[in-house]
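The structure under discussion appears below in the form of structure tokens.
What follows is calculated from the coordinates using simple rules that are stated; it is not laboratory data. This one's a predicted model, so the numbers in the text were calculated from it and none came from an experiment. Note that we place each Cβ from the backbone using ideal geometry, even for glycine, and neighbour counts take in every protein chain shown.
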Amino acid sequence: MEKDFSEIFQSKIDEELKIEPKDWMPEKYRQTLIRQISQHAHSEIVGMLPEGNWISRAPSLRRKAILLAKVQDEAGHGLYLYSAAETLGITRDEMYEQLHSGKAKYSSIFNYPTLSWADIGAIGWLVDGAAIMNQVPLCRSSYGPYARAMVRICKEESFHQRQGFEILLTLSKGTEAQKRMAQDAINRWWWPSVMMFGPKDDESPNTIQSMQWKIKRFTNDELRQKFIDVCAEQVKVLGLALPDPDLKWNEERKHYDFGKINWEEFWQVVQGNGPCNKQRLEARKKAWEEGAWVREAAVAYAEKRKQKESLHAA
Amino acid sequence: MSNTEWPLWEVFIRSKQGLDHKHAGSLHAADAQMAIENARDVYTRRMEGVSIWVVESKYIHASNPTEAGELYDPANDKAYRHPTFYNLPDEVKHM
């Protein structure tokens with residue numbers, strides 16, 4: 001019986017039919033998706049922290065309004081994704097608990113600090129650029145609620161990348177000091193952004209299964225190469241440089257060759273030893289704990305109002 | 001902790017006057033009013049709606065996907081319910 005179900009399941013996926021919450025699915029598919037979607041949701045939420053750092057110090061009202069809107073979008077994206085994960089049978093509180101206990105991960109990129117205003121530009125261009133590269137194929141994920149959330153997210157995300165590029169472009173046309181600031185931000189954000197696509201294909205054991213289930217459409221290395229190719233061209237418009245002496249167009253491959261990635265650093269940050277891991281988690285836990293009274297008060301108020309209404313009705 | 005988890009609501013949005021409400025997603029809120037306000041912030045940040053419906057998810061009843069075959073079977077062999085079923089000569093206009 002189980003075998004029949006799993007055959008029907010895989011044949012639906014092969015035919016590009018979506019799997020919906022009440023459909024039968026293998027337990028491993030469910031668990032993999034819960035991990036993937038909740039990790040993605042946590043990344044959106046934690047991702048608000050490095051950018052939130054600059055809202056009060058944005059250089060103009062225009063920039064401040066844009067950054068506020070962007071951070072608000074990240075909150076929205078987190079919420080779409082938490083809802084999608086909940087359709088798989090995990091509760092919102094369980095997901096928060098996994099984030100706060102360190103059991104669930106979020107994208108390591110957010111464990112780096114935002115040291116100057118130019119970092120907001122670099123995050124938009126590079127970090128959101130890499131995220132979009134990852135996310136566009138997820139709009140075709142085999143799991144319906146995730147795919148629908150991703151469609152919405154991708155639509156909203158493209159302004160994020162453009163505003164970031166615009167910040168860097170403005171700085172690159174400014175004074176020498178502004179130009180240096182932009183270059184410095186790119187120098188610090190480039191390699192962590194390249195690492196956002198995850199380990200190399202031969203060290204990513206779940207890739208084959210995830211591709212078969214169509215919850216992953218391209219491998220980490222394929223997406224990484226695509227990202228590097230695009231950025232290597234875009235950086236020319238800025239008149240700045242990517243911090244990789246080995247970056248070179250390879251006419252034979254029709255791709256850019258690039259230098260060695262520091263995987264030691266990647267794993268260190270994943271394991272909690274990045275510059276801001278502790279600070280980020282503590283900010284999330286603090287927000288959760290200090291918001292407890294609000295959650296309780298809202299429930300109490302709703303309860304009281306319901307009682308009043310039923311009194312009126314009687 | 002978990003006993004204060006706000007209930008889940010399904011959100012339906014009318015994108016424009018004259019169209020029907022369409023499922024947009026879900027969210028948590030303590031009551032209906034908060035659900036509508038949260039829905040505005042979560043699902044209509046770019047003028048995606050002119051009207052919002054919310055309903056607590058526990059009140060939604062859904063058909064069972066494993067019974068889809070039997071459920072829709074009665075309509076399966078009635079092609080004559082579609083206009084294309086009928087062969088009419090080309091001379092017949094406006095029909």
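Taking segment A:183-209 as the range and being surrounded by 18 or more Cβ atoms within 10 Å (Cβ to Cβ), under 28 Å from A:Glu20 (Cβ atoms) and not β-branched (Val, Ile, Thr) as the test, only A:Gly198 passes. Just one of (1) surrounded by fewer than 22 Cβ atoms within 10 Å (Cβ to Cβ); (2) touching a Ser or Thr at 6+ places or on another chain (Cβ under 6 Å) fails for A:Lys22. It is (2).
Does segment A:136-145 contain at least one residue that is in a loop (DSSP other than H, G, I, E, B) and touching an Asp or Glu at 6+ places or on another chain (Cβ under 9 Å)? Looking for residues that are in a loop (DSSP other than H, G, I, E, B) and touching an Asp or Glu at 6+ places or on another chain (Cβ under 9 Å), one finds at least one in segment A:136-145, hence yes.
When the test is whether a residue is farther than 24 Å from A:Gly76 by Cα and in contact with a helix residue (DSSP H, G or I) (Cβ under 8 Å, 6 or more places away or on another chain), B:Arg46 does not pass it. Within segment A:279-298, the set of residues being aliphatic (A, V, I, L, M), closer than 20 Å to A:Glu97 by Cα and at the interface with chain B (Cβ under 9 Å from one of its Cβ atoms) comprises A:Ala292 only. Filtered by the rule that a residue be at the interface with another protein chain (Cβ under 9 Å from one of its Cβ atoms) and either β-branched (Val, Ile, Thr) or buried (at least 16 other Cβ atoms within 10 Å of the Cβ) (or both), segment B:33-63 gives B:Met34, B:Asn38, B:Val42, B:Tyr43. Taken over segment A:253-286, the criterion of being crowded, with 16+ Cβ neighbours inside 10 Å, touching a Phe, Trp or Tyr at 6+ places or on another chain (Cβ under 7 Å) and within 19 Å of A:Pro50 (Cα to Cα) is satisfied by A:Gly274, A:Cys276, A:Arg280. Taking helices (runs of 4 or more DSSP H) that fall entirely within segment A:28-107, which contain at least 2 residues that are free of Cβ contacts under 8 Å to residues at least 12 places away in the same chain, on the phi < 0 side of the Ramachandran plot and over 18 Å from the mean Cα position of the chain (by Cα)? Here the list reads A:61-86, A:92-101. Specify the residue that is farthest from the other protein chains (Cβ to nearest Cβ); the eligible residues are those in segment B:13-26 that are in a strand (DSSP E or B) and touching an Asp or Glu at 6+ places or on another chain (Cβ under 9 Å). If we take residues in segment B:13-26 being in a strand (DSSP E or B) and touching an Asp or Glu at 6+ places or on another chain (Cβ under 9 Å), then B:Arg14 is farthest from the other protein chains (Cβ to nearest Cβ).
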